[in-house]
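Some notes on the structure that comes next.
Readers should treat all values here as calculations from the given coordinates under stated rules, not as data from a laboratory. All values derive from a computational prediction rather than experimental measurement. Cβ sites come from the backbone with ideal geometry, for glycine too, and all protein chains shown count toward neighbours.
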Amino acid sequence: GESVGLHLPTLSVQEGDNSIINCAYSNSASDYFIWYKQESGKGPQFIIDIRSNMDKRQGQRVTVLLNKTVKHLSLQIAATQPGDSAVYFCAETGRAGNMLTFGGGTRLMVKP
Amino acid sequence: DGGITQSPKYLFRKEGQNVTLSCEQNLNHDAMYWYRQDPGQGLRLIYYSQIVNDFQKGDIAEGYSVSREKKESFPLTVTSAQKNPTAFYLCASSMAASSYEQYFGPGTRLTVT
């Protein structure tokens, strides 16, 4: 069935460096992708989204890249800060009724 | 402040007891969702509701029940039939039909012993 997966379960970066979190998806019919950030013991928070008719979208310190050819999604965080430490999930829509399919998550650890 | 609230944050129950988790939103969203999250894993959909008085099973509905009598409320009951109820439960909402973005509550951690 459709699935959303991540290449790296844990990513450790130095404060100030850029972070790249990757996600592979299998449903070529998905037309919308979201990145969520989840801090320990809290609910996921929306970071950024991208539609399938785009290949790049930028927010504040974050950029999402979409490569539909290889069904790959990435989240880039510039100048990573300790407050960025969290688990990051990608999610895709490919199911009816606004349903999201979530990946397993990548834990980002920022070293001071 | 607009948002989604879940209560309580921590809940402890004995095996064999039913327990109801609360979810309330004041965002005027039509759609609401319940997810289960196990340690180190992603979110799995339990139930969802697109409109008041209507709801559908998600991927792991067995052992759970819901109701949607009011737009702002979507309580989840974990029944004794749920074999592994200990988990982190997340409620979310979205504007139905036109928006895929889901807003999440803070979650309830349920421990059943």
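What is the magnitude of the charge dipole of chain B about its Cα centre, with +1 placed on the Cβ of each Lys and Arg, -1 on the Cβ of each Asp and Glu, and no other charges, expressed in debye to the nearest 20?
Using only the charged Cβ atoms, the result is roughly 380 debye.
Counting other Cβ atoms within 10 Å of each Cβ, which trypsin sites (Lys or Arg not before Pro) in the range B:30-113 have at most 11 and sit in a DSSP loop?
On the way: sites: B:36, B:44, B:57, B:68, B:70, B:71, B:83, B:109; in loops: B:68, B:71, B:83.
Listed in order of number, the matching sites are B:83.
Evaluate peptide A:99-111: per residue, the Cβ atoms of other protein chains within 10 Å of its Cβ; return the mean as an integer.
Going residue by residue through A:99-111 and averaging, the value is 3.
Report the calculated FRET efficiency for residue B:96 and residue A:14 (r = Cβ-Cβ distance, R0 = 41 Å), to the nearest 0.05. Please list the in-between numbers first.
Numbers: r = 43 Å, r/R0 = 1.05.
About 0.45, to the nearest 0.05.
Of the candidates A:12, A:30, A:74, which one comes out as most mobile in a Gaussian network treatment of chain A with C-alpha springs shorter than 10 Å?
Greatest mean-square fluctuation among the candidates belongs to A:12.
Find the relative contact order for chain B and round it to a whole percent, using C-alpha pairs within less than 8 Å whose residues are 6+ positions apart.
35 percent
Between residue A:111 and residue B:62, what FRET efficiency comes out of the Förster formula 1/(1 + (r/R0)^6) with R0 = 30 Å and r the beta carbon distance, rounded to 0.05?
The computed FRET efficiency comes out at 0.10.
Per-residue Cβ counts within 10 Å, from other chains only, averaged over B:45-55: what number is that?
Mean shielding count: 1.
Quick check for me: using +1 on Lys/Arg Cβ and -1 on Asp/Glu Cβ, what's the dipole size of the protein assembly as shown about its Cα centre, in debye to the nearest 20?
About 300 debye.
If R0 is 30 Å, what FRET efficiency do you get for residue A:54 and residue A:81 from their C-beta distance, rounded to 0.05?
So the FRET efficiency works out to roughly 0.70.
Anyone know which of A:53, A:22, A:67 comes out most mobile in the 10 Å Cα GNM of chain A?
Judging by the Gaussian network model, the answer is A:53.
Identify, among B:46, B:25, B:11, the residue whose Cα sits farthest towards the positive end of the charge dipole of the range B:1-62, taking +1 on the Cβ of Lys and Arg and -1 on the Cβ of Asp and Glu, with the dipole about the Cα centre.
Going by the charge dipole, the pick is B:11.
Take every residue in peptide B:104-111, count the Cβ atoms of other chains within 10 Å of its Cβ, and give the average of those counts.
Per-residue shielding by partner chains comes out at 2.
What is the list of residues in the range B:69-92 whose amide nitrogen lies under 15 Å from a point 7 angstrom out from the Cα of residue B:53, following Cα to Cβ?
Counting backbone N atoms under 15 Å from the label point, the list is B:69-72.
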